[in-house]
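The values are calculated or read from the model by the stated rules, or taken from the named source; none is laboratory data. It should be emphasised that the depicted structure is a prediction, and the values quoted were computed from it without experimental measurement. Quick reminder, even Gly has a Cβ in these numbers, built from the backbone with ideal geometry, and neighbours come from all protein chains shown.
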Amino acid sequence: MRLPRLILVFGHALVALLVFTGCGRTVTGSAVQDPDMPGVSVTADGFGIIAGRPDAPAQIEVYTEPQCTHCAHLQDTDGPEMKGLIALGLLTVTYRPVTFLDTDYPYSAKVAGALFLAAAHGTSAPALQAYVQTLWGHQNPGGSPPSDGQLAGWATDSGVSSAAVAAIQSGQRALNTDDMTSANEARLQQIRGGDAGTPTVFDLGGNAVVDIQEAGWLAKLIGGQPTA
């Protein structure tokens, strides 16, 4: 994780920001979202989840498949840093899931639906990012999907709102995932010239696909700040 070095560069003011925006309150045992914490919303087309502030200097789309092992690797290696940058207001991530690896079981569709339920019920942006990391970290590609109880338990562990946890536990339907995949895959093919590979990170500000194999790609996105 490279975030601690990044924080040192920005100095004491940034550390103070982290202190004041990284805390929540507790009321009768239930977590309450910090009002200063970046929030989550759904894109205008209904098929993407926006995690972060609208004025963040770096704005990216992440096209991801819940059974894609390369997507899981991205979350494992870069997810914690993404979460920290989102919390600091430096990065906004729009997740656009696709489900083209679903075959015998609606695995990817169920995981994607849980994410949209989390987005619809007052979850903070860092908690949403933590939930993505947890879901992709518990992959079972080609197997049966996680139960509603498992999805709800992982949501709780990630700090997702209690209302979202209840919706996930009850197995609510968040959206038509077939329509979601059609729309997001079409967008992905457009930006990749016909290819629909995942994970794909698209820089909305620079209007270009990001080379996520490049060392320091996140630092470069937020303005080329040195990380050491």
- request: Pull up the stretch 172-209, narrow it to residues that are touching a Leu at 6+ places or on another chain (Cβ under 7 Å) and either of a type in the set (Val, Ile, Thr) or not in a loop (DSSP other than H, G, I, E, B) (or both), then point me to the one that is nearest to THR99 (Cα to Cα).
  value: THR200
- request: Quick one: in the stretch 91-105, of everything that is surrounded by fewer than 22 Cβ atoms within 10 Å (Cβ to Cβ) and touching a residue at least 60 places away in the same chain (Cβ under 8 Å), which residue is nearest to TYR63 (Cα to Cα)?
  value: THR94
query: Considering the stretch 148-171 alone, what residues qualify as being part of a loop (DSSP other than H, G, I, E, B) and within 20 Å of the chain's Cα centre (by Cα)?
result: GLY159, VAL160, SER161
query: Which one of these does LEU6 not meet: (1) surrounded by fewer than 17 Cβ atoms within 10 Å (Cβ to Cβ); (2) assigned to a helix (DSSP H, G or I); (3) at pLDDT below 55?
result: (1)
query: Given (1) surrounded by fewer than 22 Cβ atoms within 10 Å (Cβ to Cβ); (2) more than 23 Å from TYR105 (Cα to Cα); (3) out of contact with any helix residue (DSSP H, G or I) (no Cβ under 7 Å at 6 or more places or on another chain); (4) modelled with pLDDT of 95 or more, where does SER161 come up short, assuming only one miss?
result: (1)
query: If you scan the stretch 56-81, which residues turn out to be farther than 19 Å from ALA112 by Cα and touching a residue at least 40 places away in the same chain (Cβ under 8 Å)?
result: PRO57, ALA58, GLN59, ASP78, PRO80, GLU81
query: Residues in the stretch 64-86: is at least one touching a Cys at 6+ places or on another chain (Cβ under 7 Å) and at negative phi?
result: yes
- prompt: Taking THR103, is it hydroxyl-bearing (Ser, Thr, Tyr) and under 23 Å from ALA166 (Cα atoms)?
  reply: no
query: Among the residues of the stretch 170-213, how many are touching a strand residue (DSSP E or B) at 6+ places or on another chain (Cβ under 6 Å) and crowded, with 18+ Cβ neighbours inside 10 Å?
result: 8
